[in-house]
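One structure is given here, and the rest of the page talks about it.
The values are calculated or read from the model by the stated rules, or taken from the named source; none is laboratory data. Given the structure is predicted, the values throughout are model-derived calculations rather than measurements. No Cβ is skipped: glycine too gets one built from the backbone with ideal geometry, and neighbour counts run over all protein chains shown.
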Amino acid sequence: MVLNRLFRRRAEPDVQIDQGLEKTRRGVFLEITRLFDRSVLDEELYEDLEMLLIQADVGWDVSQKLVAELRERVDRDRIKDPADAREILRQEMILLLEFATRNRKVKILQRGVPFVIMVVGVNGVGKTTSIAKLAAYHQRFGRSVMLAAGDTFRAAAIDQLSVWGERLKVPVIAHQQGADPGAVVFDAMQAAHARNIDVLIVDTAGRLHTKYNLMAELEKLRKIMRRHVETAPQEVLLVIDATTGQNGLIQAQEFAKSVDITDIMIAKLDGTAKGGIAFSVAKELGTPISYVGTGEKATDLAEFRPDTYVDSLFFGVGEGL
Ligand SMILES: Nc1nc2c(ncn2[C@@H]2O[C@H](COP(=O)(O)OP(=O)(O)OP(=O)(O)O)[C@@H](O)[C@H]2O)c(=O)[nH]1
Ligand SMILES: [Mg+2]
């Protein structure tokens, strides 16, 4: 039995990831699963698979790579049963995500030293909402959280963060619209120290680096943070909008060229059938994906785990092999 030798245990399911990937699972991945219900592994199957992976936004290069690897292993191990081939594909997909997340640093929170998270990303990708989710996430660990309204371009952006602060009972450091984000961050760092805050999350404006010298501004914020805490920002989180697919990926690549990013959050996964975006993000950016956003509520955040993610695409909670 080849399958016994090949089989990898199903990952611990995560309800949030499962809901976030529902559209992708019931769409393209159902078709992918059905491909392997065919009786033979032929050329047509590989071609259809490649097309479906591209449809799910896995990306052209990554889809080709996955199919080429699958073909190679099927040939090498003389696999005849399409169900076994599907198992190989599943494992390859997990490995691809694991490879990209292998560099994820263990975050160490020190008592009395604020852990600073700077959240960056293009306009409208979901930064502010993701900040609320992160605040709630850290609160669940019993950590005290503070938010800083570093996006001073629009009054609405400051209000939006303040509303989240009230809802989550988290203090928000904000200045007037048009104020210097550096001054906001300076005040926030001082306040975080004075109030013994564990986690300080800083919102930033989402202008594209081509419009204004975003890098210089983010660098300035970084310097101000470092005056207070040498290692800050301990996390620079790039938010990517899953619904914008490959376009979003290109924007993120541009962004990553100008800013040192430590972690990625894929937001709005629930709004798309293109959950394959995680694979192209993992491959093309090489920065660990740490979180996934699965809705508009503060609780709609999941930690990213390669095996859980892939198994959610193929199976879903409570669905059999
Ligand atoms: N369905 C869904 N909607 C989301 C998610 N994250 C954010 N949104 C929505 O996306 C829209 C934009 O989110 P914001 O958090 O304001 O995005 P932003 O990046 O801060 O936007 P700017 O400040 O304008 O650059 C809002 O309507 C959010 O409710 C998510 O995970 N799922
Ligand atoms: Mg915002």
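Residues that are part of a helix (DSSP H, G or I) and either at positive phi or buried (at least 24 other Cβ atoms within 10 Å of the Cβ) (or both): does the range 294-305 have at least one? Within the range 294-305, none of the residues are part of a helix (DSSP H, G or I) and either at positive phi or buried (at least 24 other Cβ atoms within 10 Å of the Cβ) (or both).
The residues on offer are Asp61, Asp42, Asp48, and the sole one that is touching a Leu at 6+ places or on another chain (Cβ under 6 Å) and at pLDDT 90 or above is Asp48. Scan the range 74-91 for residues that are part of a helix (DSSP H, G or I) and either touching a helix residue (DSSP H, G or I) at 6+ places or on another chain (Cβ under 8 Å) or under 14 Å from Leu45 (Cα atoms) (or both) and the total you get is 11. Among the residues making up the range 144-176, those that are within 12 Å of ligand 2 (Cβ to nearest atom), closer than 18 Å to Phe186 by Cα and among the aliphatic types (A, V, I, L, M) are Leu147, Ala149, Ile158, Leu161.
Among the numbered conditions (1) out of contact with any His (no Cβ under 6 Å at 6 or more places or on another chain); (2) over 30 Å from Glu284 (Cα atoms); (3) not acidic (Asp, Glu), the only one that Gly245 does not meet is (2).
Evaluation of Val15 against the conditions (1) closer than 23 Å to Leu249 by Cβ; (2) under 25 Å from the mean Cα position of the chain (by Cα); (3) surrounded by fewer than 19 Cβ atoms within 10 Å (Cβ to Cβ) shows that the sole unmet condition is (1). So, of the residues in the range 100-118 that are surrounded by fewer than 14 Cβ atoms within 10 Å (Cβ to Cβ) and out of contact with any Pro (no Cβ under 9 Å at 6 or more places or on another chain), which turns out to be farthest from Asp307 (Cα to Cα)? This residue is Gly112.
Go through the residues of the range 80-93 one by one and say whether even a single one is over 20 Å from Phe314 (Cβ atoms), exposed (fewer than 14 other Cβ atoms within 10 Å of the Cβ) and either touching a residue at least 12 places away in the same chain (Cβ under 8 Å) or within 16 Å of ligand 2 (Cβ to nearest atom) (or both).
Of the range 80-93, the ones over 20 Å from Phe314 (Cβ atoms) are 80.
Now drop any that are not exposed (fewer than 14 other Cβ atoms within 10 Å of the Cβ), which leaves 80.
Okay, now just the ones that are also either touching a residue at least 12 places away in the same chain (Cβ under 8 Å) or within 16 Å of ligand 2 (Cβ to nearest atom) (or both), so 80.
Scanning the range 80-93, I find at least one residue that is over 20 Å from Phe314 (Cβ atoms), exposed (fewer than 14 other Cβ atoms within 10 Å of the Cβ) and either touching a residue at least 12 places away in the same chain (Cβ under 8 Å) or within 16 Å of ligand 2 (Cβ to nearest atom) (or both), so the answer is yes.
In the range 33-53, the residues that are farther than 13 Å from Ala85 by Cβ and touching a residue at least 60 places away in the same chain (Cβ under 8 Å) reach residues that are of a type in the set (Gly, Ala, Ser) and not in a loop (DSSP other than H, G, I, E, B) with C-beta atoms within less than 6 angstrom, at least six apart or across chains, in these pairs: Leu53/Ser63. Of all residues in the range 154-167, exactly one satisfies the criterion of being surrounded by fewer than 18 Cβ atoms within 10 Å (Cβ to Cβ) and within 15 Å of Leu134 (Cβ to Cβ), namely Arg167.
When the strands (runs of 3 or more DSSP E) confined to the range 106-220 are screened for residues that are small (Gly, Ala, Ser) and either at pLDDT 95 or above or in contact with a Phe, Trp or Tyr (Cβ under 6 Å, 6 or more places away or on another chain) (or both), those reaching at least 1 such residues are found at 145-149.
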